[in-house]
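Right, one structure below, let's go through it.
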Amino acid sequence: MAEPELLVAPNVIEYPFSRTTGPMIGAFMTALREGFIVGCTAADGRVIVPPVEYDPDTAEALTEVVEVGDAGVVASWSWVREPLDGHPLDRPFAFALITLDGADVPMLHAVDTGGDVAAMATGMRVRARWADEREGSILDIACFEPEGAR
Amino acid sequence: MSDIVLPDRLRDVAEPVRRIRTPARLDYVFMAGKATSRFLNAVAEKRLVGQRCPVCRKVYVPPRGVCPTDGVPTEEEIELPHVGTVTSFCVVNVQFYGQVMELPYVSALILLDGTDIPLMHLIQEVPADQVHMGMRVEAVWVPDEELGPTLESIKYFRPNGEPDADYETYKDNV
C-alpha cells in the first residue's frame, strides 16, 4: 500500500466539573473569598490547614474552624522552571509547603520570587498575595511572596 | 453541618461558598496514524474502507493497522458498502455540556456489511422510539463540497427500508 498522508488534528477534551465543598472546605473557600485563611483544630490540638472534616488519626468528626495567619514559613519547596498552562504563575516559581502562622501542618501553594530560584530557601518567611477579585477559590491567593517584598 | 463552630469573621458572611468549579482540560494533538489516515482520506472521497486480518479474516473499520487478536498487520484493504445493521443503540435524552444535537437523538453501533466490528454513528429520519437492534440503515453523506477527512462527512445513518437483519448475522457484535 502507498504511504498515506498522515492526518493530525488538535483535540481538546474538557470536563466542566463542579463539586460541593462540604462544611470544612466551604468555610475555607468562604474565608479565602473574604481575604483570610482558616484551618481546623484536630483531636490532638494541632491546627490543620486547609481544614478537614475528619481527624487524620482518630477519624472523629472535626468541628472547630479557626483563623490562621496569611503568612508563614516555607517547610519545603520545588522549583518550576517552565510553568505550564494552568499553573498559577507564568514565570518560574516554586511550589512550596508553607506552615502558616498558627498552623501546625503545611499547606501547598506557589511562591513568587520574581523568577529567582536563589531567593528560595527552606525556612524563609512568605506572605499571601491576594487576588484582586476573589470568588471562593484556592486561587483567591494569587501566590505567596517573600515577606517584606512589597 | 450545624455543629461546626466558625470563627467570628465567618459567622455573618452572606452566601457562604458551598460549591466550587473544578474543570479538567486536556489539550493535545491527535495523530491518526497510517491506517486511520487511509480510512479518513477515503472518507473525504465518500468511500468507506476497512482492513482484513490475514489470520482471523476479520474486517476492522475504522482500521487501526493491526489485528488486536492476532497482533499482525492488517494490510489487505476492503472497500465497504455504506449500509449496515444496528447492533446496539442509545437514546440520548439528557442535556450535557458541549452538546450539538437536538434531544432526543439516537447514537448507535452500526455493523457495516462485511465487517466484524461496529462503528458508532447517529441514527436519524426515524422516531427515536422506533430504532431497534437489527434495523438496516444506510449512510447519508454531507454534500460533496463539504466532504472532509472526518466521520462527520457522514451526517447520520437512516433506515434503508430493508427487513431487519437476522440476529445470527450480528450476534457476535452486541
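Based on the Cα atoms of segment B:42-174, what semi-axes does the equivalent ellipsoid have, where each is the square root of 5 times one gyration tensor eigenvalue, given in whole Å with the largest first?
Working from the Cα gyration tensor, I get semi-axes of 25, 18, 14 Å.
What net charge do the residues around B:LEU10 carry, taking every other residue with its C-beta under 14 Å from that of B:LEU10, with Lys and Arg at +1 and Asp and Glu at -1? Don't skip to the end; give the middle numbers.
Values: positive: A:ARG33, B:ARG9, B:ARG11, B:ARG18; negative: A:GLU34, A:GLU64, A:GLU67, B:ASP8, B:ASP12, B:GLU15.
Local net charge: -2.
Given a cut-off of under 8 Å on Cα pairs at least six residues apart, what relative contact order in percent is computed for chain B? Present the calculation step by step, with values, prior to reporting the outcome.
Numbers: 303 pairs, mean separation 33.4, N = 174.
Worked out over chain B, it gives 19 percent.
How many partner chain Cβ atoms sit within 10 Å of a residue's Cβ in peptide A:63-74, on average, as a whole number? Before the final figure, lay out the partial values.
Details: counts 6, 5, 5, 3, 5, 1, 0, 0, 0, 0, 0, 0.
Across the residues of A:63-74, the mean count of other-chain Cβ atoms within 10 Å is 2.
By how many degrees, 0 to 90 and rounded to 10, does the Cα axis of helix A:22-34 deviate from the longest principal axis of chain A?
Computed tilt is about 90 degrees.
For the protein assembly as shown, give the magnitude of the charge dipole about the Cα centre (Cβ charges: +1 Lys/Arg, -1 Asp/Glu; no others), in debye to the nearest 20.
On the way: 28 positive and 51 negative charges, 60 e Å.
The dipole of the protein assembly as shown has a size of about 280 debye.
Can you give the calculated 222 nm mean residue ellipticity of the protein assembly as shown, where each DSSP H run of n ≥ 4 adds -39,500 (n - 2.57) and the sum is split over every residue, rounded to the nearest 500 deg cm²/dmol?
Working: 3 runs with 28 residues, N = 324.
-2500 deg cm²/dmol, from helical runs alone.
Which shape class applies to the protein assembly as shown: rounded if a/c is under 1.5, otherwise prolate when a/b exceeds b/c and oblate if not, where a ≥ b ≥ c are the square roots of the Cα gyration tensor eigenvalues? Before the final figure, lay out each step's value.
Working: a/c = 3.15, a/b = 2.22, b/c = 1.42.
Prolate is the answer for the protein assembly as shown, as a/c is 1.5 or above and a/b outweighs b/c.
Checking the a/c ratio against 1.5 first, then a/b against b/c, what shape does the Cα gyration tensor give for segment B:29-80? Walk me through the numbers before you get to the answer.
On the way: a/c = 2.91, a/b = 1.39, b/c = 2.10.
Oblate.
Label point 7 Å out from A:LEU139 along Cα-to-Cβ: which residues of segment A:66-107 have amide N under 14 Å?
Within reach of a label on A:LEU139, which here means backbone N under 14 Å from a point 7 Å along Cα→Cβ, segment A:66-107 contributes A:84-91.
Quick one: Cα convex hull volume of segment A:22-146, Å³ per residue? Before the final figure, lay out each step's value.
Values: hull volume 13.2 nm³, N = 125.
Value for segment A:22-146: 105 Å³ per residue.
Count charges around B:GLU162 for me, please; just the other residues with Cβ under 15 Å from its Cβ, Lys/Arg as +1, Asp/Glu as -1. Don't skip to the end; give the middle numbers.
Numbers: positive: B:ARG136, B:ARG158; negative: B:ASP113, B:GLU125, B:GLU138, B:ASP164, B:ASP166.
With Lys, Arg at +1 and Asp, Glu at -1, the neighbours total -3.
Please return the longest stretch of chain B lacking exposed loop sites, where chymotrypsin sites (Phe, Trp or Tyr not before Pro) count only if DSSP places them in a loop and at most 16 other Cβ atoms lie within 10 Å.
B:1-95
Taking chain B as a Gaussian network, Cα atoms linked when under 10 Å apart, which of B:ARG158, B:ARG25, B:ARG52 shows the biggest mean-square fluctuation?
Largest GNM mean-square fluctuation: B:ARG25.
For peptide A:12-19, what's the mean number of Cβ atoms from other chains within 10 Å of each residue's Cβ? Kindly include the intermediate steps, with their values, before the conclusion.
Values: counts 4, 6, 7, 7, 8, 6, 5, 4.
The mean count of partner-chain Cβ atoms within 10 Å per residue comes to 6.
In a Gaussian network model over chain A where Cα atoms closer than 10 Å are linked, find which of A:ALA131, A:ALA103, A:ALA119 has the largest mean-square fluctuation.
A:ALA119
Reachable aspartates and glutamates from B:LYS46, Cα under 14 Å, same-chain residues fewer than 8 places away excluded?
B:GLU79, B:GLU138, B:ASP144, B:GLU145, B:GLU146, B:GLU152
Using 7 Å Cα-to-Cβ label points, what is the B:VAL83/B:ARG18 separation (nm, one decimal)?
Placing both labels 7 Å beyond Cα along the Cβ direction yields 5.7 nm.
For B:38-44, what's the mean count of beta carbons from other chains sitting within 10 Å of each residue's beta carbon?
On the way: counts 7, 2, 4, 4, 1, 0, 1.
Per-residue shielding by partner chains comes out at 3.
Count charges around B:ARG19 for me, please; just the other residues with Cβ under 14 Å from its Cβ, Lys/Arg as +1, Asp/Glu as -1.
Working: positive: A:ARG19, A:ARG33, B:ARG18, B:ARG21; negative: A:GLU135, B:GLU15.
Residues close to B:ARG19 contribute a combined charge of +2.
I want to verify a result. In a Gaussian network model of chain B, Cα cutoff 10 Å, which of these has the top mean-square fluctuation: B:PRO62, B:PRO104, B:PRO23?
Evaluated over chain B, the most mobile residue of the options is B:PRO23.
Just to confirm the number: angle between the C-alpha axis of helix B:33-43 and the first principal axis of chain B, 0 to 90 degrees, nearest 10?
Tilt relative to chain B: about 70 degrees.
Strictly greater than 19 Å: what percent of every Cα pair in segment B:71-133 meets that?
Numbers: 842 of 1953 pairs.
Result for the distance tail: 43 percent.
Using +1 at the C-beta of Lys and Arg and -1 at the C-beta of Asp and Glu, which of B:GLY161, B:GLY50, B:VAL13 has the Cα lying farthest in the positive direction of the dipole of the protein assembly as shown?
After comparing all options, I get B:GLY50.
Each reported figure results from applying straightforward, stated rules to the coordinates on display, with no laboratory input. This structure is a prediction, so every number in the text was calculated from the model and none was measured. Because the Cβ atoms are built from the backbone with ideal geometry, glycine has one as well, and the counts that use them run over all protein chains shown.
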